[in-house]
1. What does the charge dipole of the chain about its Cα centre add up to, to the nearest 20 debye, if the Cβ of each Lys and Arg holds +1 and the Cβ of each Asp and Glu holds -1?
2. For log10 I(q)/I(0) by the Debye sum over Cα atoms at q = 0.11, 0.19 Å⁻¹, the choices are [x] -0.29, -0.86; [y] -0.34, -0.92; [z] -0.25, -0.79; which was calculated from the structure?
3. Express the accessible area of segment 28-96 per residue in Å², computed with a 1.4 Å probe while the remaining protein chains stay in the model.
4. Are there any trypsin sites (Lys or Arg not before Pro) in segment 1-62 that are in a DSSP loop and have at most 16 other Cβ atoms within 10 Å? List them by number.
5. Compute the distance in nm between two label points, each set 7 Å from the Cα along the Cα-to-Cβ direction, one at residue 41 and one at residue 82.
6. Tally up the carbon and sulfur contribution to the accessible surface of the chain as a whole percent, 1.4 Å probe, everything protein left in place.
7. Could you list, in their original order, any pairs among 22/67; 53/92; 50/89; 50/85 whose Cα atoms are separated by more than 29 Å?
8. Counting only DSSP beta bridges with both residues in the chain, what percent are antiparallel, rounded to the nearest 5?
Amino acid sequence: MILIEIKDDSIKVSGHANYATKGNDVVCAAISAITQSSITWFSKNEIKVKLNKKIPIIELTLIDNKKENKDKLNLLIKQLQFVQKSYKKYIKIVRK
């Protein structure tokens, strides 16, 4: 299961969906694509990124909490929630 942990200024995505075999898992592919592409929305001084491909885990933390950056983070959350609605068995979203 993919676990998405949401805080006011960060989001952490970890785990595997196990929807299908490696290379065919559309749930993992969707979550990875959304999360990784969202990094490009921010400049280097706006966000801190932690990535570990072995676990797998990616954590995005806002450095600059201006409204524009919070809006970007909220857009990312909405996109992840959209995928989760179709694949609730494979994705868990927790607000902390």
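1. Roughly 240 debye for the chain.
2. Given [x] -0.29, -0.86; [y] -0.34, -0.92; [z] -0.25, -0.79, the calculated one carries the label [x].
3. I get 68 Å² per residue for this part.
4. 22, 44, 53, 54
5. Placing both labels 7 Å beyond Cα along the Cβ direction yields 1.1 nm.
6. So the carbon and sulfur contribution to the accessible surface is 53 percent.
7. Beyond 29 Å: 22/67.
8. 75
The values are calculated or read from the model by the stated rules, or taken from the named source; none is laboratory data. Worth saying up front: this structure is predicted, and the values here are computed from it rather than measured. Here the Cβ is made from the backbone with ideal geometry for all residues, glycine too, and neighbour counts use every protein chain on show. Please note that ligands, DNA and RNA were not included when accessible areas were found on the heavy atoms of the full protein model with its side chains. Shrake-Rupley method; radii C 1.70, N 1.55, O 1.52, S 1.80 Å.
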